[in-house]
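The structure appears right after this line, and notes come after that.
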Amino acid sequence: MITNGSADSGEQERSPWTQPGFIASAVVVGLLVVLGLILSVTSGSQGDTRPAAPSAATPPPTGVAPSPATGQNVCDLPSDDVVPESAPRARWELVGTMAAPTAPEDIGPAKTVAGFRRCFAHSPVGALYAAVNFWATLSDKPSADTYRRLAARSQAQRAAIKAAAAQPSERLRSGLQVAGYAFSAYEPERAVIKLAFRLDDGRLFAVDTTMLWNGRRDDWLYEVALDQARGSITPIADLGAVVAWKGT
């Protein structure tokens, strides 16, 4: 069952990230591209809906030592290195217009600070929860605030904040819901997750999302790519290459 986790709603406007000047710049950010650039890219080639290549990394990649840290973090959530091969349990809440998973007792978010959901378990499932919650927050909060609070500090993050601040009322528009996931790589400090999203017209997209573990905050933060290559956002025909997972 999906519950409404936020009363903050507003008219969703067309994303400024799709404007020609920003597309030409170095920073093109995640699902904002899906809602703008990728739709225009695929509009001329509707027949090309081949699924993305299957993720090869369900277990942690070879050569990556498992994290020695198990037990509890400062958010009192358990830690592990078990990459989920089947859809993890979740209670789903609406964050803005997107359903987001929540399990505050053991996965997160264990805290909500100024309306931002934080404090996820140091585990693959914790990274997955944090990734979906990041995108959901973009539909609920101003983009600049979301990048400031939930993204890892970097030159790309600062550029994203600056660009988003020019459109202070912007939100990720409605009509987008998570549909599945696949881990491309997992290390204790970094998780690369292919998230599948379904648009309101039924089309599916797979989006590479990288989450970085911040030991000081004991939390997963989104890594803003300095150059978001188009290859990381892929139209897919079905959910055969991912684990189906969605709000119910």
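Bear in mind that the values in this text are calculations on the coordinates, not laboratory data. For clarity, every value in this text was computed on a predicted model and none was experimentally measured. Virtual Cβ from ideal backbone geometry, glycine too; neighbours counted across all protein chains shown.
Sorting the segments 203-216, 131-144 by their residues' average number of neighbouring beta-carbon atoms within 10 angstrom, most packed first, yields 131-144, 203-216.
Taking amide H as placed 1.01 Å from N in the peptide plane, I236 has its amide H under 5 Å from the amide H of L204, F205, A206, each at least 5 places away in sequence or on another chain. Computed with the Debye formula from one identical point scatterer per Cα of segment 143-221, without solvent, the log10 of I(q)/I(0) at q = 0.13, 0.14, 0.16, 0.22 Å⁻¹ comes to -0.52, -0.60, -0.78, -1.14.
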